[in-house]
Each structure stands twice: as structure tokens, then as C-alpha cells.
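No lab work stands behind these numbers, since they all come straight from the coordinates. No experiment lies behind these values; they were computed from the predicted model shown. Counting neighbours? That spans all protein chains shown, and the Cβs are built from the backbone with ideal geometry, glycine included.
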2 protein chains.
Amino acid sequence: MAAVIEWVPNISEGRRLDVVEKIVAPLKSLDGLKLLDYSSDPDHNRTVITAVGSREVLIEGALALYGGAVEHIDMNEQSGEHPRLGAVDVCPYVPVRDVSMKDCVKLSKEIGAQVAEKYDLPVYLYREAAAAEHRQSQSVIRNELGEYEGLAANMGGERWSPDFGPGKPHPTAGATIIGARPFLIAFNVNLDTTNVKVGKRIAKAIRGSSGGYLNIQGAGFYLEEWEEGPVTIRSYDEHGAPKLNHGTYRRPAGKVQISMNFLDYRKTPLYRVLETIRREAARYGVGILETELVGLAPAEAFIFAARWYMQTDNLNLDKQIIDFQI
Amino acid sequence: MAAVIEWVPNISEGRRLDVVEKIVAPLKSLDGLKLLDYSSDPDHNRTVITAVGSREVLIEGALALYGGAVEHIDMNEQSGEHPRLGAVDVCPYVPVRDVSMKDCVKLSKEIGAQVAEKYDLPVYLYREAAAAEHRQSQSVIRNELGEYEGLAANMGGERWSPDFGPGKPHPTAGATIIGARPFLIAFNVNLDTTNVKVGKRIAKAIRGSSGGYLNIQGAGFYLEEWEEGPVTIRSYDEHGAPKLNHGTYRRPAGKVQISMNFLDYRKTPLYRVLETIRREAARYGVGILETELVGLAPAEAFIFAARWYMQTDNLNLDKQIIDFQI
């Protein structure tokens, strides 16, 4: 199987859907690129595109996408809730299968160089491709540069000269952020309790920000649900004769959910966090009802879990999984 | 991802390796077919070929393979330990990914019809493609027809007229068996004991033939292994003074293995049998050291396990595994 890379470019147009269609159209006919989703948010005035493909087709796809965005989006007339630097705001490459993070970093740099050259567009490399620590986060880059409107004033110097392209913003497309990052897995655990405190405590125990696992974001919620049904209550009249009263009962039947983002499942895997949650919940006498994968995940995230639970320690995914042979 | 089907044809040549190369050669250049392995056994005088591909390329591959085998193998001069019906003895199609058993049955029938037509070769359908119960097993077919040598005498009648092709054997290539079957997974469980009785008892408990799980073949073995190392023994001489004797110790350090074939992992999954073994072993105070996948397995066999252990009940492999999207 050829390398599989996920590509999640965000463009600064979420209102003029005809324009979005024009920009996305060339991606639909690229042989070997699978457009999984694109969804536009008019408030954010932004469209998130999700596609997968191999190295070569992603270079072609990027050139087509940047071409369309530069042609159709004028940042001087663009506004929305979501902060942004340019027509293509951010463009990450994500390793999925048979490809390393290093390969994705290399690819993002190649694409950055080509996009800068072809469209005379300043490119900032971020996340794993960042040249310096202060350039790792897309929000820091946007903030310090003052978004599209601040580019002309804030670009340049050692701190903010672009990694590729000219030292001044493109007159209509601004600048762009390109890089590589791990796959983000959204995974929920539903607990057999209606006591939200248990969920909140466990979420606090496992998320990185409060001392838990690195690469884990998590929060506990109560998922409201009510159960209703017929009920018969026996009472007695003044003479002591039994009387049946028919009515309806209503009782809480919700469950508590721990909702998580796994920011780097290769380092902090699903099964380890899940089994920590199981142990923490058991301490409150609570069990796990079920878990949910939200959206997509790489096959290996689940195969890693099977390998761990089944103790198949020497399982070689590249050589022993038949699906990955073609 | 296009459908992935495994193809495991067995040809009746395992000695003239130049002939094997000639027959296999066209499979190497077929775009979209991945030849995973071919190994020849001179005693059996037989070569087992393993390849994966999608429907279309497998039809092309079959026609090429049968063409080569019919051209190069003369069954009148062939002998070996392994029973066989013809130049291509048996030709199974195995669903791996995004394809049903029904699809593979259909494919095997299409290929059977084409092969019969093109090479004037009688074709018997077996396993899931069999037209009658007595035709399900390749060994029953070979036995009742009396192998290649018995074909002319035993073919025909309602019981043994071929599913496709002429009512008499091909003068040099004999007949062939084509069909569809589930993927066979070879999976071993190593127990933390040197007591082979525990392994044999558990194997008996879980294999279908002795009352255990259907679709499971299993046996318990002792994997001999010895640990050696330096040892120092303190003794005392006749005057009561301590004396150090240096030597080497040797002690059994093997483990017991339960070796299994999963004949239909969709119906009798890895995790269920493994957890039964874990429970049975615990009853003897024995734990599981590790497990081993021998050879290849479909990704879904492991993803099914992860889904079960992690309770991700609604996981939809076709829609939520990103690798399977292209």
C-alpha cells in the first residue's frame, strides 16, 4: 500500500458556497486523492476540507487548491469570527499509514516552497515543521502577526520573516501556514452513572493540562436523557379497599461522558487512557457502558489496541496485515 | 479502497523451479496484483502461490496462471506426495476487505466458467461455492475422483459431472477445483508454564473437534528451551575452610504453546477464543506470556478485537477507518 497522508486545509471562505465549490472542484477529479469531506461555516467564514492521498497527488492538490483560493478570495473583503492569515489559512499534512512524521514534514516544506514560488505567497511552517518554537502554534502565529490585516506591519525580522516566499503579504491572499501534525482522534467514553462529578473527576485525572496524560484533552459531561413509562400505584380508599391509580413515571436515564481528543495516539494510545479511566471509574463503583469514535481514525490506532490487549507483541503491521500489502 | 481479495492457487509443480518461474512470471507484472509469496515443495511436487488484488485483476491473473500451467505441466508425467486433480489443483478466493463471501463465490464461478471455456478444462466448485454438500471439501473431491489418474473413470453422473467445462479430463492438465473460503488465521498463545498437560487440556477445551469452538483447530505443545548460566557453589574443605566451586547450571525454561487455526475469524473471533484460553489457564494458576500471529491476517480481524476490548460498539470499519477510504 502506498503511503496514506491526511490533508486538512482550511480556506477563508464559508459564505459564498459557489466560490467554495469552484475552489474544491479540481480536488474532486484528482486521481488518487479522496476528498472525504468539506464543510463551510458562515459565521467563521471558513471551510475545512479533509482529504487523503499519497505524496504525489497531494502536491498536485495543494497547487490546485492554492491556485483557486488565490484567484477567488480577496482578503481585503473577507471577515469572519475565525482568526486567519490569508486565503488558505492553514494547511496541515498528517501521517496515516506507511509514512512517518518526518516524511510529512518534508512534504509540507516541499509544498511550502512550491506554493510560495508559484503564487508569490509568504509561507510560515508550523507544528512539527516549525523552524523555531514560537512558530509551532498556528494561533501564536496568527496573533503575533495580527492576522491578515497586521501582516504588512508585523512580517519580517528574524522572528517573523516567512520560511518561504516574499517578505511582504500577497496583495489579496495574505500569507499561509503549512506544516505537519499527528492525527487527532476524538474518542468518548460513556460511564454507567448519572453522577457528572465522577466524569469530571476522571477527566481531570487523565487530561494533560491537570497532570494526566500528555497529548490528552478531556472533559466530563452529563448526557441528559429521561425515561418515561406507565406506572400503576395501588392506594386504599376510606373503606380500606384497594384502588389502582394509573399514571406516568419520569426518571433520569442519562449517562456521563468523558469526551477526549487524542493529540498524538502513537505516543499516548487509546487503550492506555481507556484502561486508566476504567480503573478510576471502578474506584467509584462505576463501569464503562461503551466508547465512541467520533469521525475517523487510522487503522493502526485500533490495531495497536488489539496488539496490546491480545499480547501479540511481535505483530508487524507493515508485514503481517494483508490489507496493507497492496 | 477497492475490494481486496486473497488468492491462493496451488499448482502441481514443485521440482522444476524454472517451470514454476515461467508460470508465475506473468503474475509479477500485473498492475494491481501483489504477489505476496510462492513456495515450492519438491516432495509434494507442488507450489503454493499467495497473492492479493481486486476482482478485475484476479480474473486476468487466473487466466494467465491457468494458461501457463496448462502449457507447462503434463499430469501424465507428474507425481508427488500431495494428492491432486490437475495442473492447477486448487484455486480459492478469500475475502479480505470491503468484499463479501458472496462476492468471492460469484467471482470464483465467473473464473471457473472462463477457465473452462478458454482451456477446455473441467472445473469443480468447492467450499462456499460448492453446488452440493459432497463437493465442499477438496480432499473428498480428490478422493472420490481418484486424483488425476482416476478422472476419466470417475467423472460424470449427477455426483461427479463438473460444474463447468467438458465431461472428460483435459489430456494433460486434468481438472481443477475452484471456490471461495474464509481467510485462515494461524494464531498461537504461549503460556507461562512448562507443564504441557495444561496446554493440551486447554487446546482440547477450545477446539471444535472435541466440543469447543466451531472453526477452531488447536493443539498444545511444549516449546523446549533451556536456560544455562554460571553458578558458584560454596563448600567446605576438611579443615572447615570455605571453598568456591564454579560451574554451570542448566534448567528447563520452555513454555507451552497452544497453536491454532481460525478457519472463520468473522464467526469465531480471535478475542473470544483468547479470553476463553485466559480463563481456562487461570484455573490452573497459569498466565498468558504472549500471543503470535503466524503469517498474515486481515486488518479487520484485529480491529474487531480492539472494538470488543475497547467497547467501541458502533465503530463502522467502512466509514470510520481512514486507511479504508482510498
Checklist entry - If the label for B:Arg283 sits 7 angstrom from Cα along the Cα-to-Cβ line, what are its distances to the same label in every other copy, in nm to one decimal, shortest first? => result 3.5
Next on the checklist: Taking the 0 to 90 degree range and rounding to the nearest ten, how far is the long axis of helix B:55-72 tilted relative to the main principal axis of chain B, both from C-alpha atoms?
Outcome noted: 80
Checklist entry - For the range B:99-241, with equal point scatterers placed on the C-alpha atoms only and solvent neglected, what are the log10 I(q)/I(0) values from the Debye formula at q = 0.15, 0.18 1/Å, to two decimals? => result -0.86, -1.00
Item to check | Within chain B, helix-based [θ] at 222 nm, where runs of 4 or more DSSP H residues each add -39,500 (n - 2.57), nearest 500 | outcome: -10000 deg cm²/dmol
Checklist entry - Hey, what D do you get for the protein assembly as shown in µm²/s if you plug the Kirkwood alpha-carbon radius into Stokes-Einstein at 37 °C and 0.692 mPa s? => result 110
Checklist outcome for this item: So the FRET efficiency between A:Thr276 and A:Glu110, C-beta based with R0 = 41 Å and rounded to 0.05, is 0.55
Checklist entry - What angle do you read, to the nearest 10 degrees and between 0 and 90, between the alpha-carbon axis of helix A:299-309 and the longest principal axis of chain A? => result 50
Next on the checklist: Just to confirm the numbers: B:Gly156, label point 7 angstrom along the Cα-Cβ line, distances to the other copies in nm, shortest first?
Outcome noted: 9.8
Item to check | Alpha carbon Rg of the range B:3-92, scaled by the compact-globule rule 2.2 N^0.38 Å | outcome: 1.01
Checklist entry - Could you give the dipole magnitude of chain A about its Cα centre, charging the beta-carbon of Lys and Arg +1 and that of Asp and Glu -1, in debye to the nearest 20? => result 1200
Next on the checklist: What distance in nm lies between label points placed 7 Å from Cα along the C-beta direction at B:Asn261 and A:Leu223?
Outcome noted: 4.3
Checklist outcome for this item: Output row for B:Ala25: copy-to-copy label distances, label 7 Å along Cα→C-beta, ascending, in nanometres, one decimal, is 5.0
Checklist outcome for this item: With Cα coordinates, the longest principal axis of chain B makes an angle with the long axis of helix B:17-28, in degrees rounded to 10, of 80
Checklist outcome for this item: Taking the range A:1-44, the whole-percent share of alpha-carbon pairs separated by over 16 angstrom is 44
Checklist entry - Any idea what the dipole of the range B:1-106 comes to, in debye rounded to 20, about its Cα centre with Lys/Arg Cβ at +1 and Asp/Glu Cβ at -1? => result 300
Next on the checklist: Taking the beta-carbon count within 10 Å as an exposure proxy, list A:Asp313, A:Asp163 from fewest neighbours to most.
Outcome noted: A:Asp313, A:Asp163
Checklist outcome for this item: Between A:Leu289 and B:His239, Cβ-based FRET efficiency (R0 60 Å, step 0.05) works out to 0.20
Checklist outcome for this item: Note on the range A:4-180: contact order normalised by length, alpha-carbon pairs under 8 Å, 6 or more apart, percent, works out to 26
Next on the checklist: For A:Lys109, give me every one of the lysines with a C-alpha distance below 19 angstrom, ignoring sequence neighbours fewer than eight places off in its own chain.
Outcome noted: A:Lys118
Item to check | Separation in nanometres of the label points that stand 7 Å from Cα toward Cβ, at A:Val231 and A:Ile59 | outcome: 6.9
Next on the checklist: From the Cα trace of the range B:274-326, what convex hull volume per residue do you get, rounded to a whole Å³?
Outcome noted: 100
Checklist entry - Gaussian network model of chain A, Cα springs within a sub-10 Å range: biggest mean-square fluctuation belongs to which of A:Gly14, A:Gly295, A:Gly240? => result A:Gly240
Checklist entry - For chain B, what relative contact order do you get, as a whole percent, if you take Cα pairs closer than 8 Å and at least 6 residues apart? => result 15
Checklist outcome for this item: In whole angstrom, the spacing between the Cα centers of the range A:13-51 and the range A:60-137 equals 15
Checklist outcome for this item: Expressed in µm² per second, the diffusion coefficient of the range B:4-180 from the Stokes-Einstein equation, with Rh the Kirkwood radius over alpha carbon pairs, at 20 °C and 1.002 mPa s, is 136
Next on the checklist: Considering just Cα atoms, how many Å³ per residue does the convex hull of chain B enclose?
Outcome noted: 207
Item to check | B:Asn154 paired with A:Leu17, simple spin-label distance in nm, labels 7 Å along Cα-to-beta-carbon | outcome: 6.7
Checklist entry - Can you run phi through the Karplus equation (6.51, -1.76, 1.60; θ = phi - 60°) for the range A:313-326 and list ³J(HN,Hα) in whole Hz, with x for Gly and Pro? => result 4, 8, 4, 9, 4, 5, 9, 10, 9, 5, 4, 8, 8, 10
Checklist entry - Counting only DSSP beta bridges with both residues in the range B:4-180, what percent are antiparallel, rounded to the nearest 5? => result 70
Next on the checklist: Less than 23 Å apart at the alpha-carbon level, and either on another chain or at least 8 residues along: which lysines does that give for B:Lys319?
Outcome noted: A:Lys28, A:Lys34, B:Lys102, B:Lys267
Checklist outcome for this item: If one builds a Gaussian network model of chain B from Cα atoms under 10 Å apart, the most fluctuating residue listed among B:Glu227, B:Glu71, B:Glu133 is B:Glu227
Checklist entry - Which one of A:Pro95, A:Pro252, A:Pro169 has the biggest mean-square fluctuation once chain A is modelled by GNM with Cα springs under 10 Å? => result A:Pro252
